[in-house]
Amino acid sequence: MQAIPSEERAAQEELQPIHHEPKSFFFKYLWSLDHKMIGRQFLWAGLGFLLVGGLLAMMIRWQWAFPGKPVPVLGSIFLRSQGGAIGPATYMTIFTMHGLIMIFFAITPVLIGAFGNFLLPLQIGARDMAFPWLNALSFWTFALSLVFVILSLFGELGAAGAGWTTYPPLSTNVGTPGSGQTWMVAAVFVTGVSTIMGGINYVTTVIRHRAPGMTWMRLPLATWGLWLTAILNVLFVPVLGSAALLLLLDRLFGTQFFIAGATASVSGGGDPILFQHLFWIFGHPEVYILILPAWGIVSDLLSFFSRKPANWYRGTVYAMIAVSVLSAMVYGHHMFLTGFTPLLGQSFMLLTLIISVPAELLFLNWLRTVWQGSIRLTTPMLFSLGMLFVFGMGGLTGLYLGATATDIYLHDTMFVVGHFHLTMAAASFVASLAAIYFWFPKMFGRRMNETLGKVHFWITLVCLVTVFSGQLLAGYSGQSRRLYDPYQYTFLKHLLGVNRVASYAAFLLLFAQFIFIYNFIRSLIAGEKAESNPWQVSTLEWFTASPPPYHNYDRIPTVLRGPHEFADPEVRRRLGRDFIGQAEELPEAMPPAVASAG
C-alpha cells in the first residue's frame, strides 16, 4: 500500500479550512454556501418541475387517447375558455413546454444539480466545493430561469409553442408571436449560465480538492459520471447559449440570424439551418450529459448491492471517457434530412454506430458485475436494474435512427419519440429514483419505506416500458410526431387502440409517482432514523454522520483503496464483514493464540 506524504495531507487541510455553520435562516437555508443544502435546493426545485412536466405529459396522452374530449380536472382549471378540451394551438404549447421543462428544469437539476452538488465533495473527501459563492449563485441563477418558465406559461398569446427544439422560423415572431416563446428562450439561456457556473465548479473541485490518496482510479464511478458531465457542460452549453441569445435578438430587436431572405436592413438574410447546427452541437452531447451521471450511479449501485467489485472498473471509466469524446462528433445524425451532402451523412452514421461500442462495453460490465453476485434486491438495486432494461431498449432502437437508410423512414415519427424517451428520459428518470432512494438516508438522516419503494418501482417500470413501447409501435406504423389528432388520417385510425393502452399506462405511471411523493414526505417527517452506513458500502460519504456535518469531515480522510472493496476473505477474517471503507485501515491480524483463546 502506497504511503501518503504528510505534505499532501497538510496542503489539503490548508486549502480547505473548517468554516463554522451559519446561524441565520437566510444564510443557512436560502443563500447557503453549503454544497449539501444547495443540492437539496436543486432537488426540491427539480422534483417540483418534474411534477409540472409530468402533468403536461398526461394532457398529451389524454389528447392521443380521447382527441377533442374535455380533460378531467386539469381541463376545468386551465382550459375553461376551450370547454376543458385541448385545441390545436394549445396542444403545441403543451408538448413544447413538456419537453423543455423535463430536460432543462426537471431531470437536469435533480440528477446533476442535486446529486452533483451533494455527492462530489463527500465522495472525494472534500469539505465543500472549490467556489462556494459561485455554487450559491448557480442555484439562484437557475431559480431565475424557473421564474421565466412560469412567465412563459402565462405569457401573452400563450406559452412557448415552437417545439422543444425551438427551430426557426417557427420559433421566430413570424411563427410563434407573443411573449410566451420569448420568456422560454430566455429561460433556456439563463439556465445555461447557471449550468456553466456549476460545471466550472464541479471540474475544479474534483481536480483540486481530492483527498490524499484519492487517485483518479479510486474515484467512485458516480463521481466519474458527474465530472465528465461537467466537462461536457462547460464545453457545449455555451453553444446552446449562443443560439438562444441570437434567437432572442431575432425576436426582440429584429435581427435576422435565423430568418432567411433579404430585407431593407439585412442583406442576404439569415439561415434557419444554422440554428439546427448550433442546437445539435449541444443537443447530442446533452443526451450524454444526462445519461453519464446515471451510468456512474448505476455502476456503483450494482457493485454495492451485488456485494462484489465492479467488473473491469478501468474499462468502465475508459468507456465513459470515450463516449464523452465521441458525443461531440455524432450530432449530424439529427440532420440527415436537412439536405447536407450524403458523404457527410455517411460520416456521421459511421461515428454514431461507433459510439455504441463503448456503450455496449458498459452494458456488458454491468451484467458481469451482477453475475454470480450476492444480490440484495433493495429498492435502489431494483431501480438500477430497471435502468439497465430501459436503456438497453432505447440503445437498440437508436441503431435504426443512426443509419441513414432506416432513418429516412423513421425520422419525425413517434419511433424517434419512443427512442429518446427510453434512452434519455426514462433511463435518467429511473436512475434518479435509484439515487434518491439510495442517498436519502445520507441527505436527510432517515430511511424511506422499502415496501412502498418496491411497489413504486414495479408500477413505474411496467408502465414506462408500456408507454414508450407504444410510441415505438405507433411510429413504426407511420404516426408522425406532433400531430394534434393523428386519427384525421385514415391510415392511422387503427392506432387509436395502441395509443389508448399506452395512455392508460401513463395515467397509472402518474399514480405511482404519488406513492413516491407520499413515501418521500412521510419519510422526511417520520421515517426510520438512519445510521451512518445503512447500506454497508465502502465510499467515503458513508463514513460520516447522516446527515453529514456542515464541514463534512473533521479531518480530511486519507484514501487507501478503491470504491468497491467487497468479498475480500482477509477483510471478512479481520473485520467480520464483507466490505471495508476507502479510508478505513485494516487492523493487524490477531495473534493465533488470542484467536484460538477467543
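Of these, V298, V325, which one is assigned to a helix (DSSP H, G or I) and free of Cβ contacts under 8 Å to residues at least 24 places away in the same chain?
Details: V298 fails: free of Cβ contacts under 8 Å to residues at least 24 places away in the same chain.
The match here is V325.
With the requirement that a residue be open to solvent by 30 Å² or more (accessible area, probe 1.4 Å), in contact (Cβ under 8 Å) with a residue 60 or more places away in the chain and within 23 Å of the chain's Cα centre (by Cα), what does segment 20-48 give you?
Matches in segment 20-48: R40, L47.
Going residue by residue through segment 493-500, is there one that turns out to be within 22 Å of T96 (Cβ to Cβ) and either in a helix (DSSP H, G or I) or not hydrophobic (A, V, I, L, M, F, W, C) (or both)? Break it down stepwise before answering.
Start the filter on segment 493-500 by keeping residues that are within 22 Å of T96 (Cβ to Cβ), which leaves 499.
Next, from what is left, pick out any that are either in a helix (DSSP H, G or I) or not hydrophobic (A, V, I, L, M, F, W, C) (or both): 499.
Yes.
In the set V357, V330, which member is open to solvent by 10 Å² or more (accessible area, probe 1.4 Å), of a type in the set (V, I, T) and under 24 Å from the mean Cα position of the chain (by Cα)? Steps first, please.
On the way: V330 fails: open to solvent by 10 Å² or more (accessible area, probe 1.4 Å).
Checking each option against the conditions leaves just V357.
If T255 meets every condition in (1) hydroxyl-bearing (S, T, Y); (2) more than 30 Å from T378 (Cα to Cα); (3) touching a strand residue (DSSP E or B) at 6+ places or on another chain (Cβ under 9 Å) apart from one, which number is that one?
Against the list (1) hydroxyl-bearing (S, T, Y); (2) more than 30 Å from T378 (Cα to Cα); (3) touching a strand residue (DSSP E or B) at 6+ places or on another chain (Cβ under 9 Å), T255 comes up short only on (3).
Read through the list (1) in a loop (DSSP other than H, G, I, E, B); (2) surrounded by 15 or more Cβ atoms within 10 Å (Cβ to Cβ); (3) not small (G, A, S), then give the number of the only condition that D554 fails.
(2)
Scan segment 172-185 and give yes if some residue there is under 23 Å from the mean Cα position of the chain (by Cα), touching a residue at least 24 places away in the same chain (Cβ under 8 Å) and either assigned by TED's automatic domain parsing to the domain that holds L50 or farther than 18 Å from P285 by Cα (or both), otherwise no. Please lay out each step first, then the result.
Within segment 172-185, the subset under 23 Å from the mean Cα position of the chain (by Cα) is 184-185.
Of the ones still in play, those that are also touching a residue at least 24 places away in the same chain (Cβ under 8 Å) are 184-185.
With the extra rule that they be either assigned by TED's automatic domain parsing to the domain that holds L50 or farther than 18 Å from P285 by Cα (or both), the set shrinks to 184-185.
Checked segment 172-185: at least one residue is under 23 Å from the mean Cα position of the chain (by Cα), touching a residue at least 24 places away in the same chain (Cβ under 8 Å) and either assigned by TED's automatic domain parsing to the domain that holds L50 or farther than 18 Å from P285 by Cα (or both).
Please determine, by comparing only the residues of segment 510-550 that are among the hydrophobic types (A, V, I, L, M, F, W, C) and in a loop (DSSP other than H, G, I, E, B), which one is surrounded by the most Cβ atoms within 10 Å (Cβ to Cβ).
Start the filter on segment 510-550 by keeping residues that are among the hydrophobic types (A, V, I, L, M, F, W, C), which leaves 510-512, 514-517, 520-521, 524-526, 530, 535, 537, 540, 542-543, 545.
Among the residues that remain, those that are also in a loop (DSSP other than H, G, I, E, B) are: 530, 535, 537, 545.
Details: A530: 21, W535: 22, V537: 24, A545: 12.
Only one residue tops the list, namely V537.
Restricting attention to segment 34-49, does a residue exist that is farther than 28 Å from G125 by Cα and not hydroxyl-bearing (S, T, Y)?
Let us first name the residues in segment 34-49 that are farther than 28 Å from G125 by Cα, namely 48-49.
Within this subset, residues satisfying the condition of being not hydroxyl-bearing (S, T, Y) are 48-49.
Yes, segment 34-49 has at least one match.
Residue by residue through segment 572-588, note down the ones that are aliphatic (A, V, I, L, M) and open to solvent by 10 Å² or more (accessible area, probe 1.4 Å). Outline the logic, then answer.
First, pick out the residues of segment 572-588 that are aliphatic (A, V, I, L, M): 575, 580, 583, 586.
L575, A583, L586, listed by residue number.
Scan segment 61-78 for residues that are without any contact (Cβ under 8 Å) to a residue 40 or more places away in the chain and crowded, with 18+ Cβ neighbours inside 10 Å and jot them down.
V71, G75
Suppose we keep only residues that are touching a strand residue (DSSP E or B) at 6+ places or on another chain (Cβ under 9 Å) and among the hydrophobic types (A, V, I, L, M, F, W, C) within segment 474-509. Which one would you say is surrounded by the fewest Cβ atoms within 10 Å (Cβ to Cβ)?
Per the stated criteria, the residue is L492.
Give just the number: which of (1) under 30 Å from R572 (Cα atoms); (2) of a type outside the set (D, E, K, R); (3) crowded, with 22+ Cβ neighbours inside 10 Å does M320 not satisfy?
Condition not satisfied by M320: (1).
Let's see how each residue does on (1) at pLDDT 95 or above; (2) of a type in the set (K, R); (3) closer than 30 Å to W140 by Cα:
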position	(1), (2), (3)
L47	yes, no, yes
G54	yes, no, yes
I60	yes, no, no
A65	yes, no, no
K69	yes, yes, no
A85	yes, no, no
M92	yes, no, yes
H98	yes, no, yes
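Please tell me if T191 is under 24 Å from Q41 (Cβ atoms) and either assigned by TED's automatic domain parsing to the domain that holds L245 or more than 24 Å from the chain's Cα centre (by Cα) (or both).
Working: under 24 Å from Q41 (Cβ atoms): yes; either assigned by TED's automatic domain parsing to the domain that holds L245 or more than 24 Å from the chain's Cα centre (by Cα) (or both): yes.
The answer is yes for T191.
Based on this model, can you work out whether L247 counts as assigned by TED's automatic domain parsing to the domain that holds R218, over 30 Å from Q536 (Cβ atoms) and surrounded by fewer than 17 Cβ atoms within 10 Å (Cβ to Cβ)?
Working: assigned by TED's automatic domain parsing to the domain that holds R218: yes; over 30 Å from Q536 (Cβ atoms): yes; surrounded by fewer than 17 Cβ atoms within 10 Å (Cβ to Cβ): no.
Here the answer is no, as L247 does not meet what is asked.
Among the residues of segment 480-498, is any among the small types (G, A, S) and within 30 Å of D412 (Cα to Cα)?
Looking only at segment 480-498, we keep the residues that are among the small types (G, A, S), and these are 480, 497.
If we keep only those that are within 30 Å of D412 (Cα to Cα) too, we end up with 480, 497.
Yes, segment 480-498 contains a residue that is among the small types (G, A, S) and within 30 Å of D412 (Cα to Cα).
The values are calculated or read from the model by the stated rules, or taken from the named source; none is laboratory data. These numbers were taken from a predicted model, which means no experiment stands behind them. Glycine also receives a Cβ, built like all others from the backbone with ideal geometry; neighbour counts cover every protein chain displayed. The accessibility values were calculated without ligands, DNA or RNA, using every heavy atom of the protein model including side chains. Shrake-Rupley method; radii C 1.70, N 1.55, O 1.52, S 1.80 Å.
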